[in-house]
Amino acid sequence: MVNLDKAIEEEILAIVEKYQKENTKLLNYLITDDEITFFSSIANGSQITAEDLQKVADILKGSFEGMEIVNQEYRFKFKMGI
């Protein structure tokens, strides 16, 4: 299993944590090749704005590929350049 660098995780979490309920502070993701998918429970948060999704893409030096709702969670997909 591949993980992001801790500093990058913290940068991304600083952006997305405002969309999560208090005291949740989770960053769940899966990296497959050059694609990363972030998972956020609908019950524990809300959908992230396009502006903040672009900030995450910039941190990943990549692009936002799309969002879908599957099994009561948001899934945000990015193509990574790092």
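The values are calculated or read from the model by the stated rules, or taken from the named source; none is laboratory data. What you see is a predicted model, and the numbers here were worked out from it, not measured in a lab. Cβ placement follows ideal geometry from the backbone for every residue including glycine, while neighbour counts extend to all protein chains displayed. Heads up: the accessible areas ignore ligands, DNA and RNA and are worked out on the full protein's heavy atoms, side chains in. Shrake-Rupley method; radii C 1.70, N 1.55, O 1.52, S 1.80 Å.
Residues in the stretch 12-35 that are in contact (Cβ under 8 Å) with a residue 12 or more places away in the chain and aliphatic (A, V, I, L, M): 12, 13, 15, 16, 26, 27, 31.
Residue by residue, here is whether (1) open to solvent by less than 60 Å² (accessible area, probe 1.4 Å); (2) assigned to a loop (DSSP other than H, G, I, E, B); (3) without any contact (Cβ under 8 Å) to a residue 60 or more places away in the chain holds:
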{"site": "37", "(1), (2), (3)": "yes, no, yes"}
{"site": "40", "(1), (2), (3)": "yes, no, yes"}
{"site": "47", "(1), (2), (3)": "no, yes, yes"}
{"site": "57", "(1), (2), (3)": "yes, no, yes"}
{"site": "61", "(1), (2), (3)": "no, yes, yes"}
{"site": "65", "(1), (2), (3)": "no, no, yes"}
{"site": "68", "(1), (2), (3)": "no, no, yes"}
{"site": "78", "(1), (2), (3)": "yes, no, yes"}
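When 59, 42 are checked against the criterion of being closer than 16 Å to residue 4 by Cα and of a type in the set (A, V, I, L, M), a single residue qualifies: 59.
Residue 28 fulfils the conditions (1) under 12 Å from residue 78 (Cβ atoms); (2) in contact with a strand residue (DSSP E or B) (Cβ under 7 Å, 6 or more places away or on another chain); (3) surrounded by fewer than 16 Cβ atoms within 10 Å (Cβ to Cβ) except for a single criterion, (1).
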